[in-house]
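Encoded as structure tokens, the structure appears first; notes follow it.
No lab work stands behind these numbers, since they all come straight from the coordinates. All values reported here derive from a predicted model rather than from experimental measurement. We place every Cβ from the backbone using ideal geometry, glycine too, and count neighbours over all the protein chains shown.
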Amino acid sequence: MRSRSLVCLSGAIAIAASGTVTLSGHDVTTKVTWNREISRIVYARCAQCHQPGSSAFSLLTFQDANPWAQAIRDSVLRRTMPPWGAVKGFGTFRNEQALSQEELGLVENWVNGGAPEGNPNDLPPSARIAAVPPETSTAAALIARDRFTFAGAFVLDGFRVDHAGKIESAQIAVAFPDGRVTPLVWLHDYSASTAHVFLLRRPLAIAPGAELRGIPAGAALELLAAAPTKPRR
């Protein structure tokens, strides 16, 4: 869990650097409220780190979140929060925490419209913090560098990026012998300080002779093998 703590702490620092401004309810121009929409987004996307006792400051209540409203808006629109380090939609991952376009629009609308609290009856009865899929502890089965060719069949479950610095942009894909190309990940502003595992939404069966293309110079991918499926009885 050390890597996740670093991710949370880095995100907290990024928000703190943006400063805090408490928004006044007298200038409300939106129907989007904390109690009805925004609290649910925070519980699903942010509260794993931003809760009492964690490495980052709490965002569980309106009173916690309101002073940070503008910083939250700016951070999520820049895609620096939640920290992910990859472009959403280029590859799919079961542990991805990036906000959807609809969620981004709601946060922006809420903040720009005065960040109202809303009707207390709309607030969920308790903060249901979404569980993050566990980061597998499986050791890397293969280490891929440069233009990597698979010598044998491999079922990819996920990968880690091994790089000491920051990767500005790198599109990594799997090129199959039959000509198909499957996007794997588009690293964007990826930093070793917020390193984490990428777990594919579905394991990817890779044929011998397939190539991993786009790994940046000086970086490596630690490829994690999917667990063998049990035969049906």
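Below, the figures for the structure above:
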read-out: Förster radius 45 Å - calculated FRET efficiency between Asp64 and Ile143, Cβ distance, rounded to 0.05; value: 0.60
read-out: Amide hydrogen neighbours beyond the local backbone of Phe148, cut-off 5 Å, H modeled; value: Leu212
read-out: All Cα pairs of segment 142-225, percent lying beyond 16 Å; value: 48 percent
read-out: Summed residue charge, Cβ within 9 Å of Leu224's Cβ, Lys/Arg positive, Asp/Glu negative; value: -1
read-out: Local electrostatic count, Asp122, Cβ distance below 13 Å [Lys/Arg +1, Asp/Glu -1]; value: +1
read-out: Using a Förster distance of 35 Å, the FRET efficiency for Thr92-Phe57 (Cβ separation, nearest 0.05); value: 0.70
